[in-house]
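The values are calculated or read from the model by the stated rules, or taken from the named source; none is laboratory data. Please read these numbers as outputs of a predicted model, since none were measured by experiment. All Cβ positions, glycine included, derive from the backbone under ideal geometry; neighbour counts span all protein chains shown.
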Ligand SMILES: *Cc1c(COP(=O)(O)O)cnc(C)c1O
């Protein structure tokens with residue numbers, strides 16, 4: 001396919017720009033460029049065709065099943081977009097006087113209240129723009145707390161080996177030393193290892209729950225107790241609250257702070273780099289360190305924007321990605337008190353349905369009831385047929401299904417991590433189950449076919465390391 005720079009022709013353009021509604025400013029000579037910029041010149045028709053063609057070459061939740069584990073690729077209701085398109089929300093400026101944007105402030109406050117209710121926390125900041133950004137912010141809360149108490153010996157964050165990969169990375173970015181502790185054979189945190197790891201140097205623990213093998217840690221109350229008794233704080237990675245929202249609350253399990261991904265659990269679109277939102281919630285005693293401005297609703301219906309007394313500063317401009325919050329709140333209100341736990345139950349049901357139906361052909365990493373996702377261990381298939389997790393994933397592409405997450409978590413070899421989400425009907429799950437059974441048959445009869453898969457997509461097997469390490473993101477004009 002041609003790049004946008006390679007189509008069109010000099011002088012071609014569209015004349016749809018609105019009249020300029022701000023005063024013209026003449027830039028001084030030293031600010032002006034001396035040569036004309038290289039820009040593609042196309043008609044509207046060409047632009048439209050170009051992007052339609054591009055869209056046809058990608059795969060999104062609107063195209064088909066997308067069971068990408070740990071990513072919660074659920075359907076994003078279109079009503080969210082309608083709310084986010086309202087002029088009162090998207091034609092405002094963060095520097096406007098609060099009295100002129102009361103509706104927007106009310107939305108932020110309502111979203112904060114809803115997230116507090118769902119997670120069992122006392123306050124939230126909407127500033128962080130992604131899950132990992134939220135982790136970073138939450139750890140800064142923990143750091144501020146210890147620093148404030150003059151307890152400078154707490155330099156370590158404990159991270160179980162079943163955590164999301166961003167957890168140790170965020171801890172390291174905050175200047176903490178990461179202490180990894182192993183999971184037991186049941187996939188849960190090894191309590192003895194945790195007891196041995198905590199001490200006066202423990203700043204806190206980060207727990208991904210359900211963890212990356214899709215299990216709810218049955219010892220969760222013991223875990224938070226052990227960490228608290230050692231003087232550390234507990235951070236809950238709630239990027240995927242999809243199995244637990246409306247059913248149990250991290251705040252009730254002893255966690256002091258949390259982030260949640262609005263662009264996963266709360267149905268705002270993601271992929272392609274954002275915008276997202278990873279709001280961070282905390283218990284009252286940590287709220288004094290929250291970043292940005294906190295929204296306070298007064299009795300007369302006016303709002304105050306107040307900096308928390310011990311605020312860490314800002315982790316993002318203004319109030320974060322506000323329109324993402326609008327979408328998430330719309331979703332929460334549309335679902336309501338009954339819909340939220342129902343979504344969780346259906347997410348868990350869908351995952352377990354697929355897990356059980358696939359168990360005859362595929363080894364499950366943990367053969368027990370899972371939460372919103374499960375992990376298959378394809379090492380027996382590799383041994384029998386030479387077909388590995390990558391081959392199976394590539395094979396699925398030919399059936400129009402986005403593959404599960406591959407080779408993650410690292411504690412399972414040849415892992416395929418499947419998260420169907422609650423928004424898929426039984427027929428779609430059944431079709432995927434049939435496809436995986438068929439691929440398993442092909443692995444035994446014609447493994448080379450799968451080594452060469454996909455056979456039916458525009459791109460087959462790019463050099464993924466090269467693409468990640470040396471992406472070509474710039475067009476060089478001749
Ligand atoms: C997706 C995810 C993250 C990271 O979220 P980003 O928005 O991609 O930064 C962290 N933890 C868990 C458990 C996740 O699934």
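Data table
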| quantity | calculated |
| --- | --- |
| For residue 275: the one exception among (1) more than 14 Å from the ligand (Cβ to nearest atom); (2) assigned to a loop (DSSP other than H, G, I, E, B); (3) surrounded by 14 or more Cβ atoms within 10 Å (Cβ to Cβ) | (1) |
| Lone qualifier among 192, 151 - being surrounded by fewer than 17 Cβ atoms within 10 Å (Cβ to Cβ) and either under 25 Å from residue 324 (Cβ atoms) or touching a residue at least 60 places away in the same chain (Cβ under 8 Å) (or both) | 151 |
| Test result for residue 157, modelled with pLDDT of 95 or more, more than 27 Å from residue 108 (Cα to Cα) and either buried (at least 24 other Cβ atoms within 10 Å of the Cβ) or within 14 Å of the ligand (Cβ to nearest atom) (or both) | yes |
| Residue among 66, 75 that is within 16 Å of the ligand (Cβ to nearest atom) and assigned to a loop (DSSP other than H, G, I, E, B) | 66 |
| Verdict on residue 171 being within 14 Å of the ligand (Cβ to nearest atom), at pLDDT 95 or above and in contact with a strand residue (DSSP E or B) (Cβ under 6 Å, 6 or more places away or on another chain) | yes |
| Considering residues of region 85-144 that are within 23 Å of residue 166 (Cα to Cα) and part of a loop (DSSP other than H, G, I, E, B) only, the residue farthest from the ligand (Cβ to nearest atom) | 121 |
| Cβ-Cβ under 6 Å pairs, at least 6 apart or on other chains, region 119-141 side touching a residue at least 24 places away in the same chain (Cβ under 8 Å) and at positive phi, far side more than 11 Å from the ligand (Cβ to nearest atom) and part of a loop (DSSP other than H, G, I, E, B) | 120/249 |
| Residue 178 being farther than 14 Å from residue 212 by Cβ, part of a strand (DSSP E or B), within 16 Å of the ligand (Cβ to nearest atom) and touching a strand residue (DSSP E or B) at 6+ places or on another chain (Cβ under 7 Å) | yes |
| All positions within region 355-366 that are over 21 Å from residue 444 (Cβ atoms) and either touching a strand residue (DSSP E or B) at 6+ places or on another chain (Cβ under 6 Å) or not in a helix (DSSP H, G or I) (or both) | 355, 365, 366 |
| Given (1) surrounded by fewer than 24 Cβ atoms within 10 Å (Cβ to Cβ); (2) assigned to a loop (DSSP other than H, G, I, E, B); (3) touching a helix residue (DSSP H, G or I) at 6+ places or on another chain (Cβ under 8 Å), index of the condition residue 226 fails | (2) |
| Residue pairs meeting the criteria (Cβ under 6 Å; at least 6 apart or on separate chains; first in a loop (DSSP other than H, G, I, E, B), in region 238-253; second surrounded by fewer than 20 Cβ atoms within 10 Å (Cβ to Cβ) and modelled with pLDDT of 95 or more) | 246/341; 247/341; 249/120 |
| Count - residues of region 408-428 that are surrounded by fewer than 17 Cβ atoms within 10 Å (Cβ to Cβ) and either at pLDDT below 95 or in contact with a helix residue (DSSP H, G or I) (Cβ under 6 Å, 6 or more places away or on another chain) (or both) | 2 |
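Quick grid of which residues meet (1) outside any loop (DSSP other than H, G, I, E, B); (2) within 12 Å of the ligand (Cβ to nearest atom); (3) surrounded by 20 or more Cβ atoms within 10 Å (Cβ to Cβ):
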{"site": "186", "(1), (2), (3)": "no, no, no"}
{"site": "203", "(1), (2), (3)": "yes, no, yes"}
{"site": "211", "(1), (2), (3)": "no, yes, yes"}
{"site": "214", "(1), (2), (3)": "no, yes, yes"}
{"site": "218", "(1), (2), (3)": "no, no, no"}
{"site": "259", "(1), (2), (3)": "yes, yes, yes"}
{"site": "264", "(1), (2), (3)": "no, yes, yes"}
{"site": "268", "(1), (2), (3)": "no, yes, yes"}
